[in-house]
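Q: To start, I am sharing the structure in question, which I have written as structure tokens.
Quick note: the coordinates plus some simple rules give every number you see, no bench work behind them. For clarity, every value in this text was computed on a predicted model and none was experimentally measured. All Cβ positions, even for glycine, are placed from backbone atoms using ideal geometry, and neighbour counts span all protein chains on display.
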């Protein structure tokens, strides 16, 4: 079993903050979603951040709860787009709620779309995978307010095409990697950490165990190279390689073995187990 060690960090998250985040999940998050489905992506990001912070306290049940709820948030956002004025029924942690449909002016960002897909792989949420796969990725909101690096669309598109069984996903993946090298906004480290899901996907497609292990290790190291430095290295999201965890989960679900361990990648999440 190969191991990728996490970077040196001193997270300062405390139990009081954990409880505040759980209270928000029961109060603020459902209120925000009922007020406007456009808050779905913001609530998704909040839940992902809260789950990552919970991991730093080894509060795995709380982390699982936040990560699972994040998918409900993203799901209702995407389902509501294009249905302004209509009533959209949804569930949050199994609780039935309603919100109003929205127009196309507020869409998720591609980095959130990609993370949501990774989390859906972890939880084997085929309903969310189907919703994400059906949404046209060229309509996703730019990551930067200035412009969008062009690698994002083929990156998300490659994942989408793979799930649709379209062999064109390989060309889209190659295009994403090529355009990533020309990115003007995203740093090379950020591009590497995002496009790292593509070698994992290639290994899953080929059912190649050795290539799968190599790609997972490379993805974790790309995350470490991005997040293991600077003032944010102590944050929860810096210590959680969500994308790699999710795409590794896809490989394990498809029949490959988990041959890599890391503090960045909770094994229980890869295997969709109750911690």
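Q: Only one of the listed values, [x] 49, 44, 37; [y] 89, 46, 32; [z] 53, 43, 36, was derived from the coordinates as Cα extents along the principal axes in Å; which label is it?
A: Computed from the coordinates, Cα extents along the principal axes in Å corresponds to [x].
Q: Once you've got the GNM for the chain with C-alpha springs shorter than 10 Å, pick whichever of 133, 245, 41 has the biggest mean-square fluctuation.
A: 133
Q: Between 86, 175, 141, which gets the highest mean-square fluctuation from a Gaussian network model of the chain, Cα cutoff 10 Å?
A: Among 86, 175, 141, the largest GNM mean-square fluctuation belongs to 86.
Q: Given points 7 Å out from each Cα along the Cα-Cβ axis, report the residue 231 to residue 31 separation in nanometres with one decimal.
A: 3.0
Q: Once you sort the root eigenvalues of the Cα gyration tensor of the stretch 49-171 as a ≥ b ≥ c, which label holds: rounded (a/c under 1.5), prolate (a/b larger than b/c) or oblate (the other case)?
A: Because a/c hits 1.5 or more and a/b fails to exceed b/c, the stretch 49-171 counts as oblate.
Q: Compute the length gained on full extension between residue 187 and residue 141: take 0.36 nm times their separation in residues and subtract their Cα-Cα distance, giving the result in nm to one decimal.
A: That works out to 14.7 nm of additional length.
Q: How much of the DSSP beta bridge set in the chain is antiparallel, as a percent to the nearest 5?
A: 65
Q: Moving on. Taking the chain as a Gaussian network, where each spring joins two C-alpha atoms under 10 Å apart, which residue of 44, 60, 121 fluctuates the most?
A: So, out of 44, 60, 121, the one fluctuating most is 60.
Q: From the Cα gyration tensor of the stretch 166-218, with a ≥ b ≥ c the square roots of its eigenvalues, which class applies: rounded if a/c is under 1.5, or else prolate if a/b is larger than b/c, or else oblate?
A: Oblate is the answer for the stretch 166-218, as a/c is 1.5 or above yet b/c matches or exceeds a/b.
Q: What distance in nm separates the simple spin-label points at residue 130 and residue 57, each placed 7 Å from Cα in the Cβ direction?
A: 3.7
Q: Rounded, prolate or oblate for the stretch 176-275? Axes are the square roots of the Cα gyration tensor eigenvalues, ordered a ≥ b ≥ c, and the cut-off for rounded is a/c under 1.5.
A: Note, shape of the stretch 176-275 comes out oblate.
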